[in-house]
Each structure stands twice: as C-alpha cells, then as structure tokens.
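Here's the structure, in structure tokens; my notes come after.
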Amino acid sequence: MRNIVKTALVTMAIIFASCSSQQSLQEYYVDNKENPNFISLDIPASILKMDEVDLTDVQREAVESLKKFNLLAFKKTSENVGDYKLEKAKVKEILKDDEFVELMKINSQYGKGVIKYMGDEDAIDEVIIYGDSKEKGFALVRVLGKDMNPAHIVQLMQAIQKSEYKGEGLGEIGKFLKG
C-alpha cells in the first residue's frame, strides 16, 4: 500500500513539474482575441496574391512555405496605459522562453521590435514578429508555415515588395499598422 501511495505521489509530482505555469504564445492569442484593447486577425497566406507575381525560384519556395498569419495588436489609448504596460510585459516574458530563437532586433523610427522563430534552424515552423511603439501600442505577428528557412524571411519580404501588396483585406489592423 505504501509503495502505491509513494508511486502515485512521485507520478503527480512529475506531472506538476512538467506543466509550465507560463502562458504560451498561442494561449495569449486565444485569451486576448475578444479583449476590446486588442485587434485580432487570422489571415491565410493566399491574401498576398503572389500567384501573379514574377518571382525567383527561391522567392516562390519562400512563399509556398507559408500557411497563414495571426496578427494581434494592442491599440494604446490614454485610457488604457496601465493595461498596455501589463500586456507588453506579459508578451515580453513569453518571448523570453528558450523555445524562441532570436533572428534579429528591429530599431526604427516607428518603434522597437524583434523577430524570433520556433523550430529547427533549417525547418522553421513559426516566425514571431513583435514590435512596440510608445505612442501606438504593440503588435504581434505569428507567421505560420512548414519548413521555412531563415533565408526565406528576406526572400519573402522581397517577394511581397514585388507584389505591391497594399494591405488589402487587413481592415482595422491595417490602419493600426500604418499609423
């Protein structure tokens, strides 16, 4: 009987220890999708309309590795400054997790940001783009794909520039990102 109790206690301890108390990025998206401070949008990669664009083979491969984009933006106002600081801290804490590998930092006239990825170096399944502005708020973009390559990120940006995509179909979040 004692062995059964000890085994059960050890098993429960292992289960609790393996459960992370930190919220995942996916959970954060789901939890804030309906929050009025946030603008949320799930976009299929097909919205970029890259079929008609003259792309190199590498650019075409980069585009074909994409599945969809999840966008979540916190629109800062004078009434929600406290919420902005709290949510920004939550996101930064989530992005500190070791599962995210930093690809590059961004520092521009619009604000600061970071691009991170999850997956193997040569087979990335998710790219996370985070940027914040003291005036506007912050935005999180999850680029979901299959076996993306870090070099594909640059190729993808070049392909989007070739397409002259102007943000059609983004609605309110497009206005937020433009300013």
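Per-peptide packing, taken as the mean over residues of other Cβ atoms within 10 Å, places 96-109, 135-148 in the sequence 135-148, 96-109 from highest down.
In loop segments of the range 28-62 as defined by DSSP, the GluC sites (Glu not before Pro) with at most 11 further C-beta atoms inside 10 Å of their C-beta are E34, E52.
Accessible surface computed residue by residue for the range 40-113, with neighbouring protein chains in place and a 1.4 Å probe, gives 65 Å² per residue. Dipole of the range 39-81 computed with +1 at Lys/Arg Cβ and -1 at Asp/Glu Cβ about the Cα centre; of T77, L55, S40, farthest Cα towards the positive end is T77.
Here, P(r) means the percent of Cα pairs in each 5 Å bin from 0 to the largest distance; for the range 40-95 it is 4, 15, 16, 15, 12, 11, 11, 10, 6, 1.
So, with a 1.4 angstrom probe, what is the percent of accessible area on the range 44-155 that is carbon and sulfur? Ligands and nucleic acids excluded, carbon and sulfur reach 50 percent.
The values are calculated or read from the model by the stated rules, or taken from the named source; none is laboratory data. Not measured: the values here are computed from a predicted model. Note: ideal-geometry Cβ built from the backbone for every residue, glycine included; neighbour counts use all protein chains shown. In case anyone asks, the SASA skips ligands and DNA or RNA and just uses the protein heavy atoms, side chains included. Shrake-Rupley method; radii C 1.70, N 1.55, O 1.52, S 1.80 Å.
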